[in-house]
Amino acid sequence: MVVYPGKPGPSIKRYASVPRDKVNESILTLGSHTGTHVESRLHLQEGREGVADLPLDHFYGKCRVFDLALVESEIHMQDLEEFEIGPEEIVLLKTRNSALGYVQFLENYVHLKMDAAEYLVNAGIKTLGFDYLSIKKT
C-alpha cells in the first residue's frame, strides 16, 4: 500500500493467537493519509467539519467517470469543461496515475490545478474521487 511521504505506514499487531486464544486477531493501525482515504475540510483547517460530519449520500450513488489519461501532469479547467459537469454530481477522475501503479509513492503524479478545483466547486459537485493519494501537488 502506498504511503504519503513522511506519514506513518500501516502496522499490524497480533493480540490473540491460535491455539492459546482459539482465534487469531490483530490491531490494524494506519494514518488517515494511507491508501484509499477521504479528506474533509478538517484536514486543512482547524474547527471545520471532519469525515464523520460528511453526509453518507456523498459516498454512494450514480457517478460519472471522466477519462483524463491523456493529461500529462496537470489537470486544468479546460480539461474538464467538455464534460458539462452539473450540481450534486459524484465525479471520478481517471488519470494516468492508475497505470503507474501503487507500489511506491511517485513524485510525478497527475494532479489538479487551482483553476480546475475552482471549476468543480463552482459546478456544485457533491463528491470528487481521484486516483492518487493527493489531488494537489505540494
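Identify all residues within the range 114-125 that are among the charged types (D, E, K, R) and either open to solvent by 80 Å² or more (accessible area, probe 1.4 Å) or at pLDDT below 95 (or both); write none if there are none. Listed by number, the list holds a single entry, 118. The single condition among (1) open to solvent by 100 Å² or more (accessible area, probe 1.4 Å); (2) without any contact (Cβ under 8 Å) to a residue 40 or more places away in the chain; (3) closer than 24 Å to residue 132 by Cβ that residue 30 does not meet is (1).
Of all residues in the range 100-129, those that are assigned to a loop (DSSP other than H, G, I, E, B) have Cβ atoms under 7 Å from Cβ atoms of residues that are of a type in the set (D, E, K, R) and open to solvent by 50 Å² or more (accessible area, probe 1.4 Å), 6 or more apart or on another chain, in 110/96; 113/74; 124/88; 126/88. Taking residues in the range 44-59 that are under 16 Å from residue 129 (Cβ atoms), and partners anywhere that are open to solvent by less than 70 Å² (accessible area, probe 1.4 Å) and of a type in the set (Lys, Arg), the pairs with Cβ atoms closer than 6 Å and at least 6 places apart or on different chains are 58/126. Within the range 76-99, being under 22 Å from residue 2 (Cα atoms) and assigned to a strand (DSSP E or B) holds for 92, 93, 94. When 38, 71, 65 are checked against the criterion of being among the β-branched types (Val, Ile, Thr), modelled with pLDDT under 95 and surrounded by 10 or more Cβ atoms within 10 Å (Cβ to Cβ), 38 stands alone in meeting it. Which residues, taken from the range 6-60, are closer than 23 Å to residue 106 by Cβ and among the basic types (Lys, Arg)? The answer is 7, and nothing else.
When the range 46-63 is filtered for residues that are among the hydrophobic types (A, V, I, L, M, F, W, C) and not in a helix (DSSP H, G or I), the ones remaining, listed by number, are 54, 59, 63. For the range 79-102, the set of residues classified as closer than 13 Å to residue 65 by Cα, surrounded by 16 or more Cβ atoms within 10 Å (Cβ to Cβ) and either at pLDDT below 95 or small (Gly, Ala, Ser) (or both) is empty.
The values are calculated or read from the model by the stated rules, or taken from the named source; none is laboratory data. Just so it is clear, the model here is predicted, and its values are computed rather than measured. In this analysis, Cβ positions are derived from the backbone assuming ideal geometry, glycine residues included, and neighbour counts consider all displayed protein chains. Quick note on the areas: whole protein, heavy atoms, side chains included, nothing else; ligands and nucleic acids left out. Shrake-Rupley method; radii C 1.70, N 1.55, O 1.52, S 1.80 Å.
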